[in-house]
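A short reminder: the numbers here are calculations on the coordinates, not readings from a lab. Treat the numbers as computed from the prediction; the structure is a model and nothing was measured. In this analysis, Cβ positions are derived from the backbone assuming ideal geometry, glycine residues included, and neighbour counts consider all displayed protein chains.
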Amino acid sequence: MEITASQIIFYILSAIIVGCSIMSVVSRKILRAATYLLFVLIATAGFYVLLNYHFLAAIQISVYVGGILVLFVFSIFLTSQVGEKMPQVKLSRRIAGLIVSLGGAALTLFVLLTQNYPYAAKVSESEIDMYAIGQSLMGTERFQYLLPFEAISVLLLACIITGILVARKK
């Protein structure tokens with residue numbers, strides 16, 4: 001079996017995601033956990049690039065890395081000390097978390113090995129037209145998403161105003 005460059009990149013990105021996800025969960029310093037989450041989100045954008053979904057990769061970087069993660073870091077700075085360590089978790093909770101994680105991994109592995117995925121190998125070589133994506137996101141007709149987009153922008157504005165009010169009280 002011949003290994004291609006895209007398979008090697010896939011395995012590297014997978015290792016980064018698995019390793020940084022584990023480090024994000026087990027890290028006792030909350031800012032380091034957010035940094036590990038940053039690496040997970042960037043590697044996920046790498047998967048989109050491998051699939052020729054450059055628009056989704058750009059959205060992943062701009063929305064999740066540029067928006068959500070910055071919001072996490074700001075909330076960390078507003079609510080706790082940067083060098084503050086998380087409290088030690090009880091051994092019983094660690095064992096319960098390990099059992100649940102192993103059960104989820106076993107279930108995922110079972111589903112992956114027993115199910116047939118006929119469309120898994122059929123990845124489009126061409127990219128979707130940006131004009132069509134823009135029309136679908138900003139259109140007002142049926143199956144177009146201008147109203148949810150505007151509702152989310154109002155919700156995010158309310159969150160920003162609430163964050164400012166909470167920060168001012170201190």
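Work out how much length residue 68 to residue 155 would gain on full extension: take 0.36 nm times their residue separation and subtract the Cα-Cα distance, in nm to one decimal.
Gain on extension, residue 68 to residue 155, equals 29.9 nm.
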Range in the chain, longest, excluding exposed chymotrypsin sites (Phe, Trp or Tyr not before Pro) [loop by DSSP; at most 16 other beta-carbon atoms within 10 Å]: 1-118
Residues whose placed amide H lies under 5 Å from that of residue 29, excluding near-sequence neighbours: 86
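If the convex hull of the alpha-carbon atoms of the stretch 1-84 is projected onto planes in all directions, what is the mean projected area in square nanometres? Before the final figure, lay out each step's value.
Values: hull surface 24.2 nm².
In nm², the orientation-averaged hull projection of the stretch 1-84 is 6.0.
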As a test of the formula, what do you get for the chain when each DSSP H run with n ≥ 4 contributes -39,500 (n - 2.57) and the sum is divided by the residue count, at 222 nm and rounded to the nearest 500 deg cm²/dmol? -23000 deg cm²/dmol
Determine how many Å³ per residue the convex hull of the Cα atoms of the chain encloses. 183
Would you list the membrane-span-like helices of the chain, meaning whole DSSP H runs whose alpha-carbon atoms span at least 20 Å along their axis and whose mean Kyte-Doolittle value is at least 0.5? 5-26, 30-50, 91-114, 146-169
Gain in span if fully extended, residue 7 to residue 147, counting 0.36 nm per residue against the direct Cα distance: 46.4 nm
